[in-house]
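*Asks:* The following block contains the structure, expressed as structure tokens.
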Amino acid sequence: MKKVIMGNHAVSYGVRASDVKVISAYPITPQTQVVELLSEMCANGELDAKFIAVESEHSALTACVGASAAGSRTFTATSSQGLLLMHEIIHWAVGARLPIVMSNVNRAVGPPWSIWTDQNDSLSQRDTGWLQIYCESNQEVQDTIVQAFKIAETVMLPVMIVLDAFFLSHTFEIVDILEPEAVRPFLPPYRPARKIDTADPHSFGNLAGPGEYFELRYMIEKAMEDSRAVIERTDREFEERFGRGYGIVKPYRCDDADYVLVTSGTVASTTRAVVDAMRAEGIKIGSLKVRVFRPFPFDEVREVLSKAKKVGVIDRNISFGHHGIFYQEVKSALYGRTNVPVTGFITGLGGRDVTPAVIRGIAEKLIAGTNLEPDINWIGVKI
């Protein structure tokens, strides 16, 4: 069944298809419709799940931690300040090895107050141990929610699905809706090896001394590294069953490209249109969409970018006192492996439009190589 739905509702249908048993959430613009629709599904019996209404995002994720530890497949959603309020429990979910899935609708962090998109909210959590996957379309959003539960429950780490505020969350697109019956063979019920159970008591969240803590962190890192293969395998299995696959990265017209623009989220779609237009003019340019940010796809990024003459990274975020965050990651992936020059571009903060003209201007600056700073170039600043 195909429906024209907003990106927020694509999240909801992905949760419905995944047979989630506990949903806990606090509404915050621009993710509110995600949990509104899920609450309706729970109320009318369309989804057999417990919906927990709480007083804050901190409590929302805390409730998910408890439910997941008790053996239930759990979900929550948030944005911006809500995600930041969760920060303490973000760490807890990782250390407790709980396969919670959360959608974060990228929204700029205040002040000044903003409800529009940039990536600083999710990227501020990059070192917590959550897997992060950035989506480009409403179809990808729904499908990635389903994939995320299988990935999370395989590696026993939580997964954050990220989508752009308004450019996806409130934009309507055609989505091929996944039905729970069709998904169940791909994503069987969650059966954890250990859970809170009075008939089989264990200790959870206890004190760990220096003799144990170090090794537990090592185990989290190994699980994160192992998740690369799990993500690839899960995406491949999903494509075999449903006919759609997304990969860890998505190169476009990069095989013979002299210049490559690295993007994420909805900017990737706009960039491919610009690439096509410039290719028609004889300019050998391509684009690379980074879909999976954590774990970072070092090998895939190196394989694509090492063949280029110049690389430009477009960031809808900023690490103050450093540079764009995707730019930092791309440079670290290439360091010591290739001499390809990489230039960073910051644009689109606070929901500023990243139009084809903006992308074209970035590409032309990269190709010309004049009036460019090597690490950080602000595009569209009006002062």
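*Asks:* Out of the residues in region 310-358 meeting the condition of being over 19 Å from the mean Cα position of the chain (by Cα) and basic (K, R), tell me which one is surrounded by the fewest Cβ atoms within 10 Å (Cβ to Cβ).
*Replies:* Filtering first and then ranking leaves R337.
*Asks:* Next question. Go through region 183-218 and count every residue that is free of Cβ contacts under 8 Å to residues at least 12 places away in the same chain and within 30 Å of V249 (Cα to Cα).
*Replies:* Residues in region 183-218 being free of Cβ contacts under 8 Å to residues at least 12 places away in the same chain and within 30 Å of V249 (Cα to Cα): 3 in total.
*Asks:* Quick test for you: out of A60, A77, A10, pick the one residue that is outside any helix (DSSP H, G or I) and crowded, with 24+ Cβ neighbours inside 10 Å.
*Replies:* A77
*Asks:* Another one. If only one of V141, V162 is in contact with a Ser or Thr (Cβ under 6 Å, 6 or more places away or on another chain) and touching a residue at least 24 places away in the same chain (Cβ under 8 Å), which one is it?
*Replies:* Of V141, V162, the one residue that is in contact with a Ser or Thr (Cβ under 6 Å, 6 or more places away or on another chain) and touching a residue at least 24 places away in the same chain (Cβ under 8 Å) is V162.
*Asks:* Let me ask something else. I need the full set of residues from region 364-382 which are touching a residue at least 60 places away in the same chain (Cβ under 8 Å) and over 18 Å from K331 (Cα atoms), in order please.
*Replies:* Within region 364-382, I367 is the sole residue that qualifies.
*Asks:* Return the only residue of V354, V274, V313 being in contact with a helix residue (DSSP H, G or I) (Cβ under 7 Å, 6 or more places away or on another chain), under 22 Å from L372 (Cα atoms), modelled with pLDDT of 95 or more and assigned to a loop (DSSP other than H, G, I, E, B).
*Replies:* Answer to the check: V354.
*Asks:* Report whether or not G66 is on the phi > 0 side of the Ramachandran plot, at pLDDT 95 or above and assigned by TED's automatic domain parsing to the domain that holds L163.
*Replies:* It is false that G66 is on the phi > 0 side of the Ramachandran plot, at pLDDT 95 or above and assigned by TED's automatic domain parsing to the domain that holds L163.
*Asks:* Among the numbered conditions (1) surrounded by fewer than 20 Cβ atoms within 10 Å (Cβ to Cβ); (2) touching a His at 6+ places or on another chain (Cβ under 7 Å), tell me where P30 comes up short.
*Replies:* Against the list (1) surrounded by fewer than 20 Cβ atoms within 10 Å (Cβ to Cβ); (2) touching a His at 6+ places or on another chain (Cβ under 7 Å), P30 comes up short only on (1).
*Asks:* Do we find that L168 is in a loop (DSSP other than H, G, I, E, B), farther than 28 Å from K3 by Cβ, among the hydrophobic types (A, V, I, L, M, F, W, C) and in contact (Cβ under 8 Å) with a residue 40 or more places away in the chain in this structure?
*Replies:* No.
*Asks:* Moving to a separate point now. With the structure loaded, tell me whether W113 is hydrophobic (A, V, I, L, M, F, W, C), without any contact (Cβ under 8 Å) to a residue 12 or more places away in the chain and more than 23 Å from V267 (Cβ to Cβ) or whether it fails that test.
*Replies:* yes
*Asks:* Condition first: out of contact with any Leu (no Cβ under 6 Å at 6 or more places or on another chain), surrounded by 15 or more Cβ atoms within 10 Å (Cβ to Cβ) and not in a loop (DSSP other than H, G, I, E, B). Now tell me which residues in region 278-301 satisfy that.
*Replies:* M278, I285, G286, L288, K289, V290, V292, F293, F298, E300, V301
The values are calculated or read from the model by the stated rules, or taken from the named source; none is laboratory data. None of the values given here were measured: they were computed from a predicted structure. Note that each Cβ is placed from the backbone with ideal geometry, even for glycine, and that neighbours are counted across all protein chains shown.
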